[in-house]
Amino acid sequence: MDLQTEVLIIGGGATGAGIARDLAMRGIPSALVEKGDFTSGASGRNQGLLHSGGRYAVNDPEAARECIAENRILRRIAPHCIEDTGGLFVSLPEDGLEYQATFIRACEAAGIEALSLSPRETLSMEPKLNPKLIGAVQVPDGAVDPFTLVVENARDAESRGSRLLLHTEVTTIVRTGGRVTGARVRDRITGEEFTISAPWVVNATGAWANHILGTVGLKIGIALSKGSMLITNTRLTERVINRCRPPASGDIIVPNDTVSILGTTSMRSDDLEYYEVTPEEVSFLVNELAQAVPAIRNERFTRAYAGVRPLVQEGETDDDRGISRGFVLIDHGERDGLAGLVTITGGKLITYRLMAEKIVDFLCERMGLHVPCRTHLQRLPGAGLGHTLKDRLLKLRRQVPASRSEILCDCELVPRESVDAILREGKVRALQDVLHRTRLAKGTCQGGFCVYRLLGVMNEMHREGRLGVGSSNRILKEFLEERWKGIRPVLWGISLKEEELIESIYKGLFNLKPEDETPGGQP
Ligand SMILES: Cc1cc2nc3c(=O)[nH]c(=O)nc-3n(C[C@H](O)[C@H](O)[C@H](O)COP(=O)(O)OP(=O)(O)OC[C@H]3O[C@@H](n4cnc5c(N)ncnc54)[C@H](O)[C@@H]3O)c2cc1C
């Protein structure tokens with residue numbers, strides 16, 4: 001089934017989905033190819049911080065200005081993906097107040113509202129902060145739900161004619177002389193291979209940018225930096241907490257729905273598919289962040305996870321925190337003599353829309369089109385529909401008990417009806433696809449008590465011929481193995497007890513055995 005389009009987008013992270021939406025809104029046909037589900041890359045493995053730009057104000061004013069501009073736009077176009085928590089840059093005695101003054105001046109220069117608070121005011125707002133703090137600055141940071149943001153950009157693009165191919169990977173770029181003409185792709189579920197022809201190919205694969213470029217003998221300067229994060233069992237603070245000091249590792253806490261996300265570390269990494277959070281990183285994050293919020297030492301953690309940032313690098317440096325968080329747009333026609341190929345990488349989750357705007361402006365100019373960008377004006381389709389925990393609780397309370405639907409995930413109150421609606425769309429091809437589109441398995445039990453119920457529902461659908469999911473037992477084992485990687489680094493105290501309970505349920509009651517213990521392999 002060879003396909004033809006105007007623009008082939010490789011990568012279904014925030015950047016790729018944003019580009020698909022922007023192109024569709026300007027009437028330009030496109031196809032997007034993603035090797036997993038949307039948000040399989042850094043877009044689903046970040047800290048979920050809606051940056052005000054404060055973090056970059058002193059050292060990277062351009063990135064700071066981009067952040068505050070996009071922060072304001074996202075609040076308008078995607079209010080349902082954002083929690084307006086506000087943020088505090090907290091000074092501890094060892095940070096001193098000198099940096100605070102520099103920080104406030106830099107924020108003002110970048111157009112970021114920055115309000116200095118006394119220790120008393122700060123502690124009345126966030127009682128769990130270290131009582132020894134010497135001051136804080138309030139900025140318009142917030143929390144963003146990357147899963148909803150990306151999926152909604154993609155859905156909107158599709159409704160306007162964009163073709164989206166998930167679980168489909170680009171294996172090589174196709175060139176004819178000095179021009180790119182498309183790409184060879186492979187469906188990773190069916191194994192089918194085909195060609196997508198397009199006069200323009202956009203490489204929006206983030207950290208994988210050089211994998212794609214390598215297929216045509218090209219390379220750009222990016223450093224890959226792994227960042228690890230921890231998820232707490234409760235929400236520690238109401239606001240985003242930053243340390244008021246030059247950006248370093250282990251200095252941000254982001255509230256996220258019912259939990260908080262602690263981060264991050266920064267370590268060079270070459271492997272983009274298999275990386276784990278080490279016990280050293282966990283100890284580092286707990287010790288470092290407990291300086292700002294001492295209660296962290298006694299907190300229960302539900303999971304650790306990591307993502308890889310592509311940092312755009314000109315020369316050689318070992319100081320990853322010193323590399324700009326800005327993005328680059330590279331026209332390989334101009335740089336390498338290979339026309340029709342463009343790479344966009346770097347940046348932040350919250351600058352995805354701007355990145356998309358820049359690349360679509362570039363393509364329009366080359367195509368001789370004069371259609372202005374409207375993505376900063378038009379709200380995403382789900383804006384106005386309740387997604388927050390408060391919305392979910394209110395909806396449940398309004399229903400009379402008899403009409404309450406079956407709850408699939410007790411930790412995060414995910415009703416069966418919302419999963420049914422996703423399955424009915426007919427787009428889902430793997431378990432992870434459902435998990436990316438709901439809060440199922442994101443709570444305390446990490447899927448231990450809900451994923452088998454979800455598989456039951458998927459199996460029912462499968463019997464009706466709607467879903468090719470394969471063996472439920474195999475999928476369940478793969479899920480448990482994958483979750484285990486994130487649970488193992490934070491396994492002590494009560495988490496350890498719960499994990500033992502879950503293990504005994506699966507092994508003792510469900511008779512689930514590791515793959516190599518199952519006679520004949522498949523159950
Ligand atoms: C630890 C960490 C914390 C962060 N915290 C924040 C934060 O709090 N706030 C913020 O704004 N930003 C944050 N970021 C940055 C942000 O996550 C990224 O800038 C953003 O998600 C990049 O999006 P992207 O679409 O460019 O790349 P990605 O999301 O990585 O998307 C690239 C996609 O390309 C796909 N792909 C790769 N190869 C192929 C192929 N051959 N064929 C088809 N598809 C392919 C991948 O599967 C992937 O889905 C953080 C990043 C990290 C790593």
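Values computed for the structure shown
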{"read-out": "Complete set of residues in region 338-367 that are open to solvent by 50 Å² or more (accessible area, probe 1.4 Å) and more than 16 Å from the ligand (Cβ to nearest atom)", "value": "Asp361, Glu365, Arg366, Met367"}
{"read-out": "Top-ranked residue of region 204-228 - restricted to ones that are part of a strand (DSSP E or B) and near the ligand (Cβ under 9 Å from one of its atoms), ranked as surrounded by the fewest Cβ atoms within 10 Å (Cβ to Cβ)", "value": "Ser225"}
{"read-out": "In region 149-193, residue nearest to Ile422 (Cα to Cα) [restricted to those that are within 14 Å of the ligand (Cβ to nearest atom) and of a type in the set (Ser, Thr, Tyr)]", "value": "Thr168"}
{"read-out": "Qualifying residue in region 28-41 (condition: over 21 Å from Leu435 (Cα atoms), in contact with a Gly (Cβ under 9 Å, 6 or more places away or on another chain), open to solvent by 20 Å² or more (accessible area, probe 1.4 Å) and more than 9 Å from the ligand (Cβ to nearest atom))", "value": "yes"}
{"read-out": "Gly135 vs. criteria open to solvent by less than 30 Å² (accessible area, probe 1.4 Å), of a type in the set (Gly, Ala, Ser) and within 30 Å of Arg374 (Cβ to Cβ)", "value": "no"}
{"read-out": "Given (1) modelled with pLDDT of 95 or more; (2) open to solvent by 10 Å² or more (accessible area, probe 1.4 Å); (3) within 12 Å of the ligand (Cβ to nearest atom), number of the condition Ile231 does not satisfy", "value": "(3)"}
{"read-out": "Selected residue [within 13 Å of the ligand (Cβ to nearest atom), closer than 22 Å to Leu329 by Cα, outside the structural domain of Glu482 (by TED's automatic domain parsing) and in contact with a Lys or Arg (Cβ under 6 Å, 6 or more places away or on another chain)] from Gly18, Gly13, Gly87", "value": "Gly18"}
{"read-out": "Index of the failed condition, Arg188 passing every other in (1) at negative phi; (2) surrounded by 19 or more Cβ atoms within 10 Å (Cβ to Cβ)", "value": "(2)"}
{"read-out": "Leading residue by the ranking (farthest from Leu133 (Cα to Cα)) among those in region 234-272 that are among the hydrophobic types (A, V, I, L, M, F, W, C), within 12 Å of the ligand (Cβ to nearest atom) and in a strand (DSSP E or B)", "value": "Met267"}
{"read-out": "Any hit, region 62-85, residues being open to solvent by less than 20 Å² (accessible area, probe 1.4 Å) and under 14 Å from the mean Cα position of the chain (by Cα)", "value": "yes"}
{"read-out": "So Met1, is it farther than 27 Å from Leu431 by Cα and more than 14 Å from the ligand (Cβ to nearest atom)", "value": "no"}
{"read-out": "Test: residue in region 172-180 that is at pLDDT 95 or above, of a type outside the set (S, T, N, Q), more than 16 Å from Leu3 (Cα to Cα) and crowded, with 24+ Cβ neighbours inside 10 Å", "value": "no"}
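Yes or no, residue by residue, for (1) closer than 22 Å to Glu478 by Cα; (2) in a helix (DSSP H, G or I):
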| position | (1), (2) |
| --- | --- |
| Val419 | yes, yes |
| Arg424 | no, yes |
| His436 | yes, yes |
| Arg439 | yes, no |
| Gly448 | yes, no |
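The values are calculated or read from the model by the stated rules, or taken from the named source; none is laboratory data. Bear in mind the structure is a predicted one, so any value in this text is a computation, not a measurement. Here Cβ is always computed from backbone atoms with ideal geometry, including for glycine, and neighbour counts include all displayed protein chains. Protein only, heavy atoms only, side chains kept; ligands, DNA and RNA dropped before computing areas. Shrake-Rupley method; radii C 1.70, N 1.55, O 1.52, S 1.80 Å.
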